[in-house]
Amino acid sequence: MVEYRVRNIKLAQEGKMKIDWAEKHMPVLMKIRDEFRRLKPLKNVTIGACLHVTKETAVLVKTLKSGGATVALCGSNPLSTQDDIAAALAEEGVSVFALRGESNDEYYWCLNKVLDFKPNITLDDGADLISTIHLKKRELIPYVYGGQEETTTGVIRLRAMERDGALRYPVLAVNDTPTKNMFDNIYGTGQSTIDGILRSTNVLLAGKKFVICGYGHCGKGLATRARGMGSNVIVVEIDPLRALQAVMDGVSVMTMNEAAKEGDIFVTVTGNKNVIRKEHMELMKDGAIIANSGHFNVEVSVGDLVELTKGRRTIRPNTEEFELRSGRKIYLLAEGRLVNLASAEGHPSEVMDMSFSDQALTCKYIVENHKKLEPKVYDVPSEIGNRIAKLKLESMEIQIDELTEEQKKYMLSWAEGT
Ligand SMILES: NC(=O)c1ccc[n+]([C@@H]2O[C@H](COP(=O)([O-])OP(=O)(O)OC[C@H]3O[C@@H](n4cnc5c(N)ncnc54)[C@H](O)[C@@H]3O)[C@@H](O)[C@H]2O)c1
């Protein structure tokens, strides 16, 4: 019997329609599903997934099931679970443990329920399954063939574990594959962060000073879109190369102390902690809006904001007004958690089509190759990414050129001069 814990099973029909919509916009993953259905590459494999429970994740889970896997799923963030999707998956026979707004204790209860399945493959978005197995459930390590990590911060942690000799099973860094980070982080986070801010506040972006902390993949995508909406973008960085790139992309670069005084809207996408803290909040204008689209809920120091505050209220869904003792008001979106997932629906299906195709094919790769893999962080083999890019182009009916024999030879030769 399938076990599940969801907010309201009666939401299943609503969730099913959203999943149908996502399937229509994820042609590559659907093609992989057809192949999985025929070849069953994941037969007898148990997959434990700790991912944002969205309609796109549901398409991935259904694909893994079509490949023969048993899948147990929990949310990777207490505010990103879409309860109707969780209900639809439960009704489809997936063991899903996820409730939007779950407490920290409930979050770990759900995660441990997934681990009770003794997964052979772990799918993480923030390394929570892997860390729990390594720190608290080491008896599960022998069952695990390998893991996958979906996000930048998770990969950074896993590389640190590898460096310390603490990693006990192989992990494929799905985040680092170009078909993930060149599309999901840039176009997905770029668009969905704006979507989250607008759904929470409905403010006009044109003419606003839009401060972006972190000019990596996510920051660049967000900056392009904010500029496209008419905002004046200000970037805060700690890396000289990234800062220089921002300058040459035509945006202002300044320190957080300077930006704090200027900005109307602040978004963190650094993967770091306490990037916006007390000393910055004290400088902010009345009405400043703060959101995080980077890592968990640690980039904005909510504790500092609370310390400065004399009164607070939820003024709109996912928008909390903090009245500071100085009399100024600051608005925090989605409790400082990922605004694109908490206030909107996360990345559009079209980009998750590629990220989750990476995940599906990497599951197959782990099953076929785990005996050869060591407890290290591996890049996803480039053939997987190339195949996905080709399938995506095909789905868009776009053709590209091929090298001629003469060009292939030229690219490989060193003797031919000017
Ligand atoms: N919201 C989402 O759905 C979503 C999607 C993808 C990635 N992410 C997360 O977003 C974060 C950024 O991902 P990325 O791929 O852009 O990473 P990245 O490494 O490409 O970029 C991060 C940038 O932040 C800068 N930075 C670090 N500390 C800083 C500080 N204190 N002040 C200013 N800048 C600082 C770094 O120099 C770097 O340029 C990660 O935590 C990642 O997990 C979120």
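Isolated Cys in the chain by the 4.7 Å beta carbon test?
50, 213, 218, 363
As I understand it, the dipole of the range 26-136 uses +1 on the Cβ of Lys and Arg and -1 on the Cβ of Asp and Glu, about the Cα centre. Which of 87, 59, 39 lies farthest toward its positive end?
39
With +1 assigned to the C-beta of every Lys and Arg and -1 to the C-beta of every Asp and Glu, and no other charges, what is the dipole magnitude of the range 57-113 about the Cα centre in debye, to the nearest 20?
Working: 4 positive and 7 negative charges, 53 e Å.
Here the range 57-113 has a charge dipole of around 260 debye.
How do 169, 108 line up, fewest other C-beta atoms within 10 Å first? Write down the numbers at each step before the final one.
Working: 169 23, 108 15.
Ascending number of Cβ neighbours within 10 Å: 108, 169.
Pop the C-beta distance of residue 314 and residue 141 into the FRET formula with R0 = 41 Å and round what comes out to the nearest 0.05. Working shown, then result.
Details: r = 43 Å, r/R0 = 1.05.
That pair, residue 314 with residue 141, gives E of 0.45.
For the range 145-236, which trypsin sites (Lys or Arg not before Pro) are in a loop by DSSP, counting at most 12 other Cβ atoms within 10 Å? Before the final figure, lay out the partial values.
Working: sites: 157, 159, 163, 168, 180, 199, 208, 209, 220, 225, 227; in loops: 168, 208.
Here no loop site has a sparse enough neighbourhood.
Could you line up 213, 110 from fewest to most neighbouring Cβ atoms inside 10 Å? Don't jump to the answer; show the numbers that get you there.
Working: 213 26, 110 23.
Fewest-to-most ranking of 213, 110: 110, 213.
Counting other beta carbons within 10 Å of each Cβ, put 150, 139, 14 in order, fewest first. Provide the component values of the computation, followed by the final result.
Working: 150 26, 139 9, 14 16.
Least crowded to most crowded, the residues run 139, 14, 150.
What distance in nm separates the two pseudo spin-label positions at residue 43 and residue 229, each 7 Å out from Cα along the beta-carbon direction?
Between residue 43 and residue 229, the simple spin-label model gives 5.0 nm.
Please compute the contact order of the chain in relative form: average sequence separation of alpha-carbon pairs under 8 Å and at least six residues apart, divided by the residue count, as a percent. Let's see the in-between values first.
On the way: 885 pairs, mean separation 68.2, N = 418.
Dividing the mean separation by the residue count of the chain yields 16 percent.
Grab the other residues whose beta carbon is less than 12 angstrom from that of residue 319, score K and R as +1, D and E as -1, and report the net. Show your work: numbers first, answer last.
Working: positive: 199, 312, 313, 316, 329; negative: 320, 321, 335.
Value of the local net charge: +2.
Which of the residue pairs 10/65; 18/65; 137/376; 55/372 have a Cα-Cα distance greater than 25 Å in the structure shown?
Working: 10/65 23 Å; 18/65 19 Å; 137/376 19 Å; 55/372 34 Å.
Table pairs above 25 Å Cα-Cα are 55/372.
Output ³J(HN,Hα) for the range 308-313: one whole-Hz value per residue in order, computed from phi by the Karplus curve 6.51 cos²θ - 1.76 cosθ + 1.60 with θ = phi - 60°, and x for Gly and Pro.
7, 9, 9, x, 9, 8
Applying a 10 Å radius around every beta-carbon, put 367-374, 258-265, 67-74 in order of their mean neighbour count, most first.
Per-residue mean Cβ counts within 10 Å order the peptides as 67-74, 258-265, 367-374.
Quick one: which residues, 5+ away or cross-chain, put their amide H under 5 Å from the amide H of residue 96? H built at 1.01 Å from N.
Result for residue 96 returns 5, 73.
Compute a Gaussian network model of the chain, connecting alpha carbons closer than 10 Å, and tell me which residue from 40, 310, 16 fluctuates the most.
Checking each option, the largest mean-square fluctuation is seen for 310.
Based on Cβ point charges of +1 for Lys and Arg and -1 for Asp and Glu, what charge dipole magnitude is obtained for the range 7-86 about its Cα centre, in debye rounded to the nearest 20?
Numbers: 14 positive and 8 negative charges, 64 e Å.
Roughly 300 debye, rounded to the nearest 20.
How large is ³J(HN,Hα) for each residue in the range 371-379, as worked out from phi by the Karplus curve 6.51 cos²θ - 1.76 cosθ + 1.60 (θ = phi - 60°), to whole Hz, x for Gly and Pro?
Result, rounded to whole Hz: 5, 8, 8, 9, x, 9, 8, 10, 6.
Could you tell me which of 260, 274, 243 has its Cα farthest along the dipole of the range 240-287 towards the positive end, charges placed at Cβ (Lys, Arg +1; Asp, Glu -1), taken about the Cα centre?
Result: 274, furthest along the dipole toward the positive end.
Which of the lysines could a cross-linker span from residue 209 if the Cα-Cα distance has to be under 29 Å and same-chain partners fewer than 8 positions apart are dropped?
Filter leaves 220, 261, 273, 278, 285, 310, 329.
How big is the charge dipole of the chain about its Cα centre, in debye rounded to the nearest 20, if each Lys and Arg gets +1 on its Cβ and each Asp and Glu gets -1 on its Cβ?
On the way: 55 positive and 57 negative charges, 150 e Å.
Roughly 720 debye for the chain.
Given a cut-off of under 8 Å on Cα pairs at least six residues apart, what relative contact order in percent is computed for the range 289-355? If you can, show how the numbers build up before the last one.
Details: 101 pairs, mean separation 23.6, N = 67.
Across the range 289-355, relative contact order equals 35 percent.
Given an 8 Å cut-off on Cα distances and at least 6 residues of separation, report the relative contact order of the range 156-265 as a percent. Write out the running numbers ahead of the final one.
On the way: 131 pairs, mean separation 25.7, N = 110.
Relative contact order for the range 156-265 comes out at 23 percent.
Can you list residues from other chains, or at least 5 along the same chain, whose modelled amide H is less than 5 Å from the amide H of residue 266?
Result for residue 266 returns 211, 289, 290, 291.
Add -39500 (n - 2.57) for each DSSP H run of 4 or more in the chain, then divide by its residues: what number comes out at 222 nm, to the nearest 500 deg cm²/dmol? List each step's numbers first, then the result.
On the way: 17 runs with 179 residues, N = 418.
-13000 deg cm²/dmol, from helical runs alone.
Among 151, 115, 194, which residue has its Cα positioned farthest towards the positive end of the charge dipole of the range 50-197, with +1 placed on the Cβ of Lys and Arg, -1 on the Cβ of Asp and Glu, and the dipole taken about the Cα centre?
Among 151, 115, 194, the one farthest towards the positive end of the dipole of the range 50-197 is 115.
Among 404, 177, 122, which one moves the most in a GNM of the chain with springs linking Cα atoms closer than 10 Å?
404
Every number in this text was worked out from the coordinates using simple rules, so none of it is lab data. All of these numbers come straight from a predicted model, not from anything done at the bench. Glycine gets a Cβ as well: all are built from the backbone with ideal geometry, and neighbour counts include every protein chain shown.
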